[in-house]
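The values are calculated or read from the model by the stated rules, or taken from the named source; none is laboratory data. Everything numeric in this text was worked out from a predicted model, so none of it was measured. Cβ placement follows ideal geometry from the backbone for every residue including glycine, while neighbour counts extend to all protein chains displayed. With ligands, DNA and RNA removed, areas are computed over all heavy atoms of the protein, side chains included. Shrake-Rupley method; radii C 1.70, N 1.55, O 1.52, S 1.80 Å.
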Amino acid sequence: MWGIKGGVGKSTTSALISASAAAKAKRRVLLIDADFRDGASRFFLGEEARNLKGWYDVLEVGGELDKFIHTLYNGYLHVIPSGTIESAIKYSAEIAEHGIEYAAKKVAETLFTISEYYDLIVMDTPAASFADIPILKCVISSLDAKSVLLSQASIVEIERTLKVAEVTMGFLPKAFVINQVNPRTIADPNERRMLINEVLNITSRKIKTLVILFMTRLYRRIDWGSLEVNMLLDCIAYLLWKKGRGQACMTVTRGLLDMELVKAIAEIEW
Ligand SMILES: Nc1ncnc2c1ncn2[C@@H]1O[C@H](COP(=O)(O)OP(=O)(O)OP(=O)(O)O)[C@@H](O)[C@H]1O
Ligand SMILES: [Mg+2]
């Protein structure tokens with residue numbers, strides 16, 4: 001899960017996709033919070049997540065990942081907090097000293113020991129600057145992972161994000177999330193049409209496209225108990241794995257995705 005800008009919703013989407021896979025699609029999911037500042041584990045473990053050991057400690061000190069797991073959704077979702085800032089700093093110093101390939105290899109080795117158990121591993125990354133792109137690229141290719149790229153919802157921002165992704169990574173993502181769509185965009189016929197065209201344009205390149213509106217139920221924390229979030233989990237499960245209820249997408253996107261488009265996105269192999 002990555003983006004070329006901070007605050008586009010990587011952590012929120014990481015949490016939503018993980019919960020959707022675990023609760024709606026009954027996949028065994030591992031969510032790794034790889035952002036020591038404010039990553040996705042907070043949506044499940046609360047503020048306490050900041051003080052827990054986790055991913056960077058395993059990368060740095062070694063040891064087994066499964067010792068740092070927090071289990072949710074009847075055992076379907078395992079969450080690993082990002083870990084201590086000291087370990088994150090050491091890891092970053094190591095990258096500076098030994099290089100990117102070394103760092104990526106360490107990630108791949110760490111995951112290899114545990115990956116067999118899971119159907120899906122979601123990794124929430126910090127905002128990627130250009131300097132981080134080589135690391136991302138290495139990690140994605142060494143794990144043979146699918147990349148999910150996020151952008152905020154302006155057409156300019158979407159195009160820019162895709163262009164930077166293609167040029168710097170050398171490949172397009174498997175899925176693209178257009179997040180924080182302003183409700184006014186949905187209400188305005190012109191903006192609405194432009195956004196639909198953009199979605200069609202992206203899906204025509206065989207990229208799964210998720211559209212998430214700006215919802216107060218997602219702002220700052222995720223209101224897991226709300227009907228809206230529950231519908232969104234259904235929608236994500238349908239678009240990604242054809243589980244859950246596709247019709248939910250029409251409601252949560254206020255009709256921006258019609259059933260035909262929802263089915264077309266669900267059909268895209270990834
Ligand atoms: N669809 C949405 N509706 C409402 N608020 C949202 C939505 N998506 C994200 N937010 C809010 O935007 C802020 C940034 O989201 P988030 O932390 O997920 O982004 P990020 O890309 O992980 O940021 P960072 O680059 O800092 O890691 C948070 O306050 C979050 O609650
Ligand atoms: Mg984040």
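Here are the numbers:
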read-out	value
Any pair with Cβ under 7 angstrom, 6 or more apart, that starts in the stretch 3-27 at a residue that is more than 8 Å from ligand 1 (Cβ to nearest atom) and ends at one that is of a type in the set (Lys, Arg)	21/27; 24/243; 25/243
Only one of 145, 103, 108, 131 that is part of a loop (DSSP other than H, G, I, E, B) and of a type outside the set (D, E, K, R)	145
Number of the exception - residue 121 against (1) within 16 Å of ligand 1 (Cβ to nearest atom); (2) of a type in the set (A, V, I, L, M); (3) outside any helix (DSSP H, G or I)	(1)
In the stretch 142-161, the residues that are within 16 Å of ligand 2 (Cβ to nearest atom) and open to solvent by 20 Å² or more (accessible area, probe 1.4 Å)	152
Flag if residue 209 is over 19 Å from residue 126 (Cα atoms) and touching a Phe, Trp or Tyr at 6+ places or on another chain (Cβ under 8 Å)	yes
Residue list for the stretch 162-178, filter: open to solvent by less than 90 Å² (accessible area, probe 1.4 Å) and either more than 21 Å from residue 131 (Cα to Cα) or among the hydrophobic types (A, V, I, L, M, F, W, C) (or both)	162, 164, 165, 169, 171, 172, 175, 176, 177, 178
Selection count where residues are within 16 Å of ligand 2 (Cβ to nearest atom) and touching a Phe, Trp or Tyr at 6+ places or on another chain (Cβ under 9 Å), scope the stretch 166-194	2
Wholly enclosed helices (runs of 4 or more DSSP H) of the stretch 179-263 bearing at least 1 residues touching a strand residue (DSSP E or B) at 6+ places or on another chain (Cβ under 8 Å) and buried (at least 20 other Cβ atoms within 10 Å of the Cβ)	189-203, 227-241, 247-252
Subset of the stretch 116-141 that is in contact with a helix residue (DSSP H, G or I) (Cβ under 8 Å, 6 or more places away or on another chain) and under 20 Å from residue 76 (Cβ atoms) - its residue that is nearest to ligand 2 (Cβ to nearest atom)	124
Residue under evaluation residue 92, criteria (1) over 29 Å from residue 229 (Cβ atoms); (2) crowded, with 20+ Cβ neighbours inside 10 Å; (3) out of contact with any helix residue (DSSP H, G or I) (no Cβ under 8 Å at 6 or more places or on another chain); (4) of a type in the set (S, T, N, Q), criterion not met	(2)
Selected residue (criterion: least open to solvent (accessible area, probe 1.4 Å)) from residues of the stretch 108-124 that are more than 19 Å from residue 138 (Cβ to Cβ) and of a type in the set (Ser, Thr, Tyr)	118
Checklist (1) on the phi > 0 side of the Ramachandran plot; (2) modelled with pLDDT of 90 or more applied to residue 63, failing item	(2)
Residues within the stretch 40-55 that are modelled with pLDDT of 95 or more, within 15 Å of ligand 2 (Cβ to nearest atom) and not hydrophobic (A, V, I, L, M, F, W, C), tallied	3
